[in-house]
Amino acid sequence: MNELILAIESSCDETAASVVCDGRKVLSNVISSQIPIHERYGGVVPEIASRNHVLQLPGVIGKALEEANCGFSDLSAIAVTYGPGLVGALLTGVSAAKAIAAARKLPLVGVNHIHGHIAANYIAHPELKPPFVCLVASGGHSHIVYVKDYTEFEILGRTRDDAAGEAFDKIARVLGLGYPGGPKLEKLAEEGKNDAVVFPRVSFGDGCYDFSFSGVKTAVINYVHKQEQKGELICRADLAASFQSAVVEALVGHTMAAARERGVKTVTLAGGVSANGALRRAFDGAAEKEGISLYYPPLVLCTDNAAMIGCAGYYLYKQGVFADSHLNAVPNLKL
Ligand code: KG4
Ligand code: ZN
């Protein structure tokens, strides 16, 4: 029998719901983005995000069921993101999921958002199986994860300060590009030279795969201030390209080194930053050189969505990992 999971994602500024069949077949993937709402503030305003999730969730869930051509009675379980993320935003999705589970007497599965990002690759690549090393780079996280099994993880490296996406967003703001900064900075960088300015690449020594992006961020800001003080023109495209290349080099270098150390021949990318074309090209080149099989999801599954939560939730469901009516939002949930 086909098992259908309704998944809900509301950890940041996307209200999303999806119906996933047997873990990897996406029957619907509805995403209502709040980008136009937060754009004018230059970033996500948590209170506004929560209020809009409350407004959008019923319609988004209804549309996900309609597009999947099913009703609540066809479902095997409800999966929901319960962390990490913005506490108020998470609570809206968790409350909706708990209400549906209670009303329809369905099992409830709490999903870690980072687990969801990793699972996006299973949807896109039916042949992909653990173990593999996954780089999860988004607005809130930059982790190198050893995926031992569908629900078993070991963190090999993490950022010690800013997440990669956060650094992209902050530098985009400095360059006057607006929110969300990552895709806009990537576009501007296409016209610039990667080696126009050499920004620092931070490494914590052999065997440590942690990242630090606050140094490169500060270096870019200092560079801009100095040029302004000297009254010299700044080539924004060159700055964008030089910054992007410093971040990409760290992400690729540390991830490939971690895979080498583990003797793992499969590497995957996940999270919003994995939508970046320069990052994908750099990984393509490095993977080819080292005989690594590289996987990344299509753009729509890189950034926040509920299909990835349905996929991750399916593997928890199969293992009988259920939540009860006490499920709460955990804003700093660890993998
Ligand atoms: O995974 P995601 O949608 O949300 C979080 O879980 O954080 O990631 C959003 C982040 C933002 O920081 C955004 O600027 C970044 O991913 N991002 C990109 C690109 N597209 C999205 N960063 C660099 N290049 C891109 N093309
Ligand atoms: Zn995310």
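The values are calculated or read from the model by the stated rules, or taken from the named source; none is laboratory data. The structure presented is a predicted model; accordingly, all values stated were derived computationally and were not measured. Don't worry about glycine lacking a Cβ; one is built from the backbone with ideal geometry, like all the others, and counts go over all protein chains shown.
Overview of values
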{"quantity": "Unmet criterion (only one of (1) away from ligand 1 (no atom under 16 Å from the Cβ); (2) closer than 26 Å to Gly157 by Cα; (3) not in a helix (DSSP H, G or I)) for Asn194", "calculated": "(1)"}
{"quantity": "Residue check, Gly157 within 16 Å of ligand 2 (Cβ to nearest atom) and at pLDDT 95 or above", "calculated": "no"}
{"quantity": "Criterion (buried (at least 23 other Cβ atoms within 10 Å of the Cβ), over 22 Å from Ala137 (Cβ atoms) and not β-branched (Val, Ile, Thr)) met by exactly one of Ala49, Ala97", "calculated": "Ala97"}
{"quantity": "Test set (1) within 17 Å of Asp304 (Cβ to Cβ); (2) modelled with pLDDT of 95 or more; (3) surrounded by 19 or more Cβ atoms within 10 Å (Cβ to Cβ) - His38 fails condition number", "calculated": "(2)"}
{"quantity": "Boolean, Thr159 is within 26 Å of Thr303 (Cβ to Cβ), surrounded by 23 or more Cβ atoms within 10 Å (Cβ to Cβ) and hydroxyl-bearing (Ser, Thr, Tyr)", "calculated": "no"}
{"quantity": "Subset of the stretch 58-69 (residues that are touching a strand residue (DSSP E or B) at 6+ places or on another chain (Cβ under 6 Å) and not aliphatic (A, V, I, L, M))", "calculated": "Lys63, Glu67"}
{"quantity": "Lys129 being touching a Pro at 6+ places or on another chain (Cβ under 8 Å) and not in a helix (DSSP H, G or I)", "calculated": "no"}
{"quantity": "Scan of the stretch 1-29 for residues that are assigned to a strand (DSSP E or B), buried (at least 24 other Cβ atoms within 10 Å of the Cβ), within 16 Å of ligand 2 (Cβ to nearest atom) and of a type outside the set (Asp, Glu), ordered by number", "calculated": "Ala7, Ile8, Thr15, Ala16, Ala17, Ser18"}
{"quantity": "Output for the stretch 163-190, where each listed residue is among the small types (Gly, Ala, Ser), touching a residue at least 40 places away in the same chain (Cβ under 8 Å) and either touching a Cys at 6+ places or on another chain (Cβ under 7 Å) or near ligand 1 (Cβ under 6 Å from one of its atoms) (or both)", "calculated": "Gly165, Gly182"}
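Per-residue answers, yes or no, for (1) in a loop (DSSP other than H, G, I, E, B); (2) under 29 Å from Val252 (Cα atoms); (3) more than 16 Å from the chain's Cα centre (by Cα):
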| residue | (1), (2), (3) |
| --- | --- |
| Lys98 | no, no, yes |
| Val109 | no, no, yes |
| Cys134 | no, yes, no |
| Ile144 | no, yes, no |
| Asp162 | yes, yes, no |
